[in-house]
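The structure under discussion appears below in the form of structure tokens.
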Amino acid sequence: MSESESKLDELAWLSLTKPDTASIEALGLATDDVGEICDLSDGRVSFRDPEYAKERAVRHIQLAVIAPAAKTPIAMFKALQRCWLASGPARGDNLCGLALAQLHNSGEMDALQAAIEAVQEGGDAFTVSRGLSVSLPFFDEIDVPNLLILAGLVGPEALLHHAAGEWMKDHPSYLDEIIAGCLAIRSEGLAPLLRTALIRGTCVNKGSWLARIHALVADSNELVSLTAVEALGLLDWSDVEIEETEKAVEVIRAGLQSSVERRLATAVEAGLNLVSTAPGQHGLIDEIAALDRPYVVQQIGDHLAYRGKHLEVHPWYQQKIELLATKSGQGEGAYHGLDHILAARCKSSDKSASLRWLDMWAAANANDTPSLPQRFPELFEALAQDNEALGALLARWLKHDDIGIVKMARSVLDNLGLRERGSLAFPVSVLDGMSQPNLLHLVRRTLANVLREEQRISLVWSLTRTDSAESRTYPLVRDAMVNFVGYDYPTATREYLEAVVAKEGQAPAGQLAKQILEAMKKYYDALDALPLIEELRPLSEDRHRFAKEHHRLTNKAFEEASKNSIIRQIATTVHLKAGRSSFSMRDGEVGEKMHMSSMSHFMSLPRSESIDKVGSDLQRLHFNLDKDGDEQ
């Protein structure tokens with residue numbers, strides 16, 4: 001091939017993968033060299049015939065990427081991986097896969113054999129299986145023993161079995177040989193290939209292949225039997241006779257009753273998959289939800305949120321979600337799918353269903369007091385943007401008789417505080433429906449559990465917006481603001497109320513703010529008039545020692561809190577005298593250090609905590625033990 005042809009091939013590759021920067025000058029080409037096949041506009045190069053450009057780009061990969069490394073399979077698959085990563089906007093055209101498939105089909109190389117050698121020589125199994133999986137569906141012929149060997153080498157988690165399934169669609173005559181090979185070896189690495197072949201077989205003849213799968217379900221080898229159960233779940237049951245579907249359901253039900261954990265887990269996954277194409281069998285989800293297993297919520301939730309999202313049109317869909325609200329003892333990652341579903345509903349007209357679900361979940365998990373922001377981050381984001389729903393949730397949870405749910409409300413408030421969400425309010429619609437004892441109870445719980453000054457001030461003041469506030473809530477607000485909020489946070493309370501006076505003037509709310517300010521002034525004027533007793537101040541040496549120890553404990557707490565953070569895993573942190581900085585390392589080279597910047601988060605502590613810690617704790621305990629509706 002001439003040098004100009006090679007450059008045109010490279011130009012085709014660049015025009016597809018880097019269309020904004022592809023340049024004929026950079027390749028040493030002239031306008032006359034490309035005038036017949038390309039258009040030049042504003043410095044950009046584009047081939048008139050996209051298919052022609054792809055042909056040339058494929059040839060460029062074959063000659064410039066694959067050929068130089070063909071004798072070293074590990075290097076060849078690494079080069080293909082880099083080429084795939086560099087393909088950018090042309091990744092969907094699968095140029096790398098087509099290039100390798102053409103060489104395999106022409107007999108210039110055996111791609112399967114090269115992949116086997118690469119793995120056997122220590123190459124990365126994922127890199128090899130990914131490089132082969134994008135080309136395997138385009139192979140004309142394959143050597144089945146080599147396919148089995150490679151599948152066993154790369155393991156069940158690799159991408160190979162999916163690509164092999166795509167190839168089997170057009171080559172059903174190979175199914176018997178593939179299944180015979182899998183049954184002869186019976187290894188974990190070949191199980192996905194066996195499952196894929198069984199599923200593809202039902203596309204050829206559903207009746208005979210279903211009988212074949214049921215025969216394998218009864219196989220004495222657990223690996224084969226469970227693979228057949230998995231295949232039953234993944235079949236398309238939409239056009240199968242009900243008798244055959246019921247037969248598969250019975251197999252899955254038997255697995256759900258098994259005392260063997262692996263068989264039970266396989267039946268759970270198979271049951272959920274079967275319902276995706278046979279929604280009439282949704283009772284299986286109820287049976288799975290009834291299982292006492294820590295993975296049940298995650299399995300059902302993730303399935304309904306992602307793989308089974310099309311099922312939401314059925315009337316039973318919401319009922320299945322509600323089944324999971326009463327499950328407790330789940331891990332932190334158990335709610336990803338449910339979080340996605342509930343967040344979407346919270347943003348829609350079905351918001352009330354999400355909030356009801358949260359209340360049921362909180363009641364079921366009150367003993368463990370899990371954090372709502374941590375378990376349901378997407379739903380929490382939606383709630384944080386909805387002041388009405390957020391305020392109603394806080395009111396319900398703060399007033400709850402179960403102290404565990406009150407602690408969960410406190411976790412929500414803490415997270416909102418970290419986001420600097422200080423302006424909160426109880427909705428008027430919620431306050432209007434409360435009796436006087438209910439309002440008193442809500443105020444007490446707010447004072448006991450809301451520690452951030454902006455949150456406490458805004459939540460207590462929000463009671464002034466309720467119906468008939470002057471007679472119903474003004475006395476409560478006045479007492480709470482003077483004796484608790486204003487006592488604990490005098491500066492913040494004064495600033496907030498002065499803003500209210502400036503805005504409301506002689507309106508009832510403005511008059512109330514003035515009364516509170518006058519009561520606070522009277523208290524602090526008397527306090528300021530007291531003499532300072534210098535003898536009671538700590539010695540300067542003691543203050544210095546306290547400050548030093550506080551600094552040490554703060555650093556220790558920071559290190560403990562951030563030891564598992566993502567920054568610790570991707571970067572090296574260096575402690576400097578002037579503060580903290582960090583730098584990254586890639587391929588053994590140290591990158592530039594980040595600019596040092598100070599960061600801090602602080603919150604004011606209530607005065608009562610430092611003046612009378614025991615009395616403050618007793619008051620908080622009294623308010624938290626108080627039941628809704630009691631007048632004390």
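The values are calculated or read from the model by the stated rules, or taken from the named source; none is laboratory data. Keep in mind it's a predicted model, so treat the numbers as computed, not measured. All Cβ positions, glycine included, derive from the backbone under ideal geometry; neighbour counts span all protein chains shown.
Which residue, of ALA64, ALA86, ALA114, ALA101, is under 20 Å from LEU153 (Cα atoms) and among the hydrophobic types (A, V, I, L, M, F, W, C)?
On inspection, the qualifying residue turns out to be ALA114.
Yes or no, residue by residue, for (1) over 21 Å from the mean Cα position of the chain (by Cα); (2) acidic (Asp, Glu):
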| residue | (1), (2) |
| --- | --- |
| TRP357 | no, no |
| MET360 | yes, no |
| ALA363 | yes, no |
| GLN374 | no, no |
| LEU383 | no, no |
| GLU388 | yes, yes |
| LEU393 | yes, no |
| LEU398 | yes, no |
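Given ARG307, ARG253, ARG262, ARG356, which one is charged (D, E, K, R), within 27 Å of TRP397 (Cα to Cα) and either surrounded by 18 or more Cβ atoms within 10 Å (Cβ to Cβ) or out of contact with any strand residue (DSSP E or B) (no Cβ under 6 Å at 6 or more places or on another chain) (or both)?
ARG356
Please verify whether the stretch 321-339 includes one or more residues that are touching a helix residue (DSSP H, G or I) at 6+ places or on another chain (Cβ under 9 Å) and without any contact (Cβ under 8 Å) to a residue 24 or more places away in the chain.
For the stretch 321-339, residues touching a helix residue (DSSP H, G or I) at 6+ places or on another chain (Cβ under 9 Å) and without any contact (Cβ under 8 Å) to a residue 24 or more places away in the chain: absent.
Anything in the stretch 440-466 that is farther than 17 Å from ALA409 by Cβ, more than 32 Å from the chain's Cα centre (by Cα) and in contact (Cβ under 8 Å) with a residue 40 or more places away in the chain? List them, or say none.
LEU440, THR464, ARG465
Among helices (runs of 4 or more DSSP H) lying entirely in the stretch 41-124, which contain 1 or more residues that are touching a helix residue (DSSP H, G or I) at 6+ places or on another chain (Cβ under 9 Å), touching a residue at least 24 places away in the same chain (Cβ under 8 Å) and within 25 Å of PRO145 (Cβ to Cβ)?
Of the helices (runs of 4 or more DSSP H) lying wholly inside the stretch 41-124, those with at least 1 residues that are touching a helix residue (DSSP H, G or I) at 6+ places or on another chain (Cβ under 9 Å), touching a residue at least 24 places away in the same chain (Cβ under 8 Å) and within 25 Å of PRO145 (Cβ to Cβ) span 73-86, 95-105, 111-120.
Is the stretch 436-445 home to any residue that is under 25 Å from TYR489 (Cβ atoms) and out of contact with any Leu (no Cβ under 8 Å at 6 or more places or on another chain)?
Yes: the stretch 436-445 contains one or more residues that are under 25 Å from TYR489 (Cβ atoms) and out of contact with any Leu (no Cβ under 8 Å at 6 or more places or on another chain).
Give all pairs with beta carbons closer than 6 Å in which a residue from the stretch 508-529 that is within 18 Å of LEU463 (Cβ to Cβ) meets a residue that is exposed (fewer than 15 other Cβ atoms within 10 Å of the Cβ); count only pairs at least 6 apart in sequence or on separate chains.
PRO508/GLU470
Quick one: in the stretch 259-276, which of the residues that are at pLDDT 95 or above and among the hydroxyl-bearing types (Ser, Thr, Tyr) is farthest from PRO315 (Cα to Cα)?
That would be THR266.
Name the residues in the stretch 230-245 that are surrounded by fewer than 24 Cβ atoms within 10 Å (Cβ to Cβ) and free of Cβ contacts under 8 Å to residues at least 40 places away in the same chain, would you?
LEU234, ASP239, VAL240, GLU241, ILE242, GLU243, GLU244, THR245, listed by residue number.
Being loosely packed, with under 15 Cβ neighbours inside 10 Å and under 42 Å from the mean Cα position of the chain (by Cα) is the requirement here; does GLU36 meet it?
no
Working carefully through the options PRO73, PRO68, find the one that is crowded, with 20+ Cβ neighbours inside 10 Å and either within 20 Å of LYS7 (Cβ to Cβ) or not hydrophobic (A, V, I, L, M, F, W, C) (or both).
PRO73
ILE300 versus (1) crowded, with 18+ Cβ neighbours inside 10 Å; (2) under 21 Å from GLY329 (Cβ atoms); (3) at pLDDT below 95: which is the lone unmet condition?
(3)
Within the stretch 517-541, track down each residue that is of a type in the set (Gly, Ala, Ser) and either surrounded by 10 or more Cβ atoms within 10 Å (Cβ to Cβ) or touching a strand residue (DSSP E or B) at 6+ places or on another chain (Cβ under 8 Å) (or both).
Result: ALA519, single match.
For the stretch 291-305, does any single residue satisfy the condition of being outside any loop (DSSP other than H, G, I, E, B) and free of Cβ contacts under 8 Å to residues at least 24 places away in the same chain?
no
From the residues in the stretch 460-503 that are of a type in the set (S, T, N, Q) and surrounded by 18 or more Cβ atoms within 10 Å (Cβ to Cβ), which one is farthest from SER608 (Cα to Cα)?
So the residue we want is THR466.
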